[in-house]
Amino acid sequence: MNKLIKPILQARALTKQVNTGDIQLTILQNIDLEVNPGEAVAIVGASGSGKSTLLGLLAGLDMPTQGKVHLNGVDIFSLNEDDRAALRGKILGFVFQSFQLLPALTAMENVMLPLELAGFKKADATAMKLLERVGLEKRLKHYPKQLSGGEQQRVAIARAFSTDPKLLLADEPTGNLDVSTGTQIIELMFELNREHGTTLVLVTHDEAISNRCSRQIRLAGGQLVQ
């Protein structure tokens, strides 16, 4: 890594353990990593290797047993829950396997929500522009249950990019889609990533997707494999 470049994401000795009865299970152990601005990094590994757990810790959505994560230079676990949420709202965008759209909101309202929470003016205009960009200009008033899986993921991608985040975290974004739809979604996500100049950290088990990233981080048994 170029030491003149300040990492946007940095983890040190990140460990996650859980107690299951009399057994202490180690999910992640002593993870050290850095991600520089503009990188596209894939986190790969077999099912159960700790990929999604690592992504949740990097976002501050889960608490580690030990270790630190710095997001844009801020030690996120030194913050309380509200301040972590506020930091995520300013810096992070998320794309989940299960879409995570709010069922009571239309496509337009789902994309507007993070903009409104962040205090953006003209949230409706920004949301409409992004939904047009992902090809859903005719589905603005549809609810998630009225959309196909691919359309729901397009809404989720539009929502993720709505606040122009510095860092996008994606957890198996094509996991609930068929191959053809998944390919279209990945193309769209990488296109938007280039257009916005966003840093991307992507969890995937798909080697074809991970090979499109500039770097791969491989997990096995909760540890980094070089």
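Cross-link pairs exceeding 25 Å between alpha carbons, from the set Lys138/Lys166; Lys68/Lys90; Lys90/Lys121; Lys51/Lys166; Lys51/Lys129; Lys51/Lys138: Lys138/Lys166; Lys51/Lys129; Lys51/Lys138. In the chain, what % of DSSP beta bridges are antiparallel (nearest 5)? Bridges in the chain are about 50 percent antiparallel.
Over the stretch 168-226, Cα pairs under 8 Å with separation of 6+ residues give a relative contact order of 34 percent.
In this calculation the C-beta distance from Glu195 to Asn19 is compared with R0 = 45 Å, giving a FRET efficiency of 0.50.
The relative contact order of the chain, computed from alpha carbon pairs under 8 Å that lie at least 6 residues apart in sequence, is 29 percent.
Taking all Cα-Cα distances within the chain, those exceeding 27 Å account for 33%.
Close amide H contacts of Ala220 (hydrogens built in the peptide plane, cut-off under 5 Å, sequence separation of 5 or more or a different chain): Val225. The label point for Ala86 and the one for Lys6, both projected 7 Å from the Cα toward the Cβ, are 1.9 nm apart. Relative to one another, the C-alpha centroids of the stretch 1-67 and the stretch 167-226 are positioned 16 Å apart.
Taking R0 as 30 Å, what FRET efficiency do you get between Met63 and Val225 from their Cβ-Cβ distance, rounded to the nearest 0.05? So the FRET efficiency works out to roughly 0.75. In order along the stretch 129-136, phi translates into HN-Hα couplings of 4, 5, 5, 5, 4, 8, x, 10 Hz, rounded to whole numbers, per the Karplus curve 6.51 cos²θ - 1.76 cosθ + 1.60 with θ = phi - 60° and x for Gly and Pro.
Values in this text are rule-based calculations from the coordinates and carry no lab data. Since the model is a prediction, treat every value here as computed from it, not as a measurement. Quick reminder, even Gly has a Cβ in these numbers, built from the backbone with ideal geometry, and neighbours come from all protein chains shown.
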